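The values are calculated or read from the model by the stated rules, or taken from the named source; none is laboratory data. Just so it is clear, the model here is predicted, and its values are computed rather than measured. Here the Cβ positions follow ideal geometry from the backbone for every residue, glycine too, while neighbour counts run over all protein chains shown. These accessible areas exclude ligands, DNA and RNA; they are computed on the full protein's heavy atoms, side chains included. Shrake-Rupley method; radii C 1.70, N 1.55, O 1.52, S 1.80 Å.
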Amino acid sequence: FTERVSSVHGEKGLEIFLRAHGVNHAKAVVASTGWGGDRMAVYAPITHEGSRTKSTIGVSLSSWDDETDAIEYFEALEDALPRFAGKSQVKRTDGVLHFGIGATGAVQAERRGQQVLIVIDAPKTTADALRLELWDSWTVK
C-alpha cells in the first residue's frame, strides 16, 4: 500500500464528520472543541493506477488540547462509527473500538492520552497489527 491522499480535517471537519454520522449538533460541537491538530490519509495498493479499487485503507490521527477533549471526541466516535461502518454493535477490547465493514474490512478507533487514532477498512486479519504500527510511526504535523 502507498499513500494516495493526505490532508487535515480540522476542528470543523471533525465536527461535520460526527454530525454526518448521527451525532447531534451540540455533542458534535463539544466533541470537536479542543482540537489540537490532525492528520488523515488514504492508502491504496501499490499497483493502483487511479482505477477504482475496494482495497483502500483510511487513517486518521487527531491530537487534542488535553485528555478530557480527547475523551469527548472518542465518546462521540462511539456514537458515529457504527453508522459510518454500517454496523449497530461495537466491540470494545482493551480500550479499542472495533466495527466490521463487509466480510474483510474493519474499523478500529483507539484513544491514547490526548490522541485518537482511527483505522478504516483495514483487512480484518491485519487490522490490529496495522493500528499498533501506526501508533509507533505516525505523528500529527
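One table, with the values for the structure above:
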quantity	calculated
Every residue from the stretch 21-50 that is in contact with a helix residue (DSSP H, G or I) (Cβ under 9 Å, 6 or more places away or on another chain), touching a residue at least 24 places away in the same chain (Cβ under 8 Å) and farther than 17 Å from Ala70 by Cα	His21, Gly22
All positions within the stretch 1-29 that are of a type in the set (S, T, N, Q) and open to solvent by less than 60 Å² (accessible area, probe 1.4 Å)	Thr2, Ser7
Residue under evaluation Glu3, criteria (1) in contact with a Leu (Cβ under 6 Å, 6 or more places away or on another chain); (2) modelled with pLDDT under 95, criterion not met	(1)
Residues within the stretch 124-141 that are more than 14 Å from Val42 (Cα to Cα) and touching a residue at least 40 places away in the same chain (Cβ under 8 Å), tallied	3
Residues (part of a loop (DSSP other than H, G, I, E, B), surrounded by 15 or more Cβ atoms within 10 Å (Cβ to Cβ) and modelled with pLDDT under 85) located in the stretch 56-100	Lys87, Val90
Condition check for Arg112: modelled with pLDDT of 90 or more, open to solvent by 40 Å² or more (accessible area, probe 1.4 Å) and of a type in the set (Lys, Arg)	yes
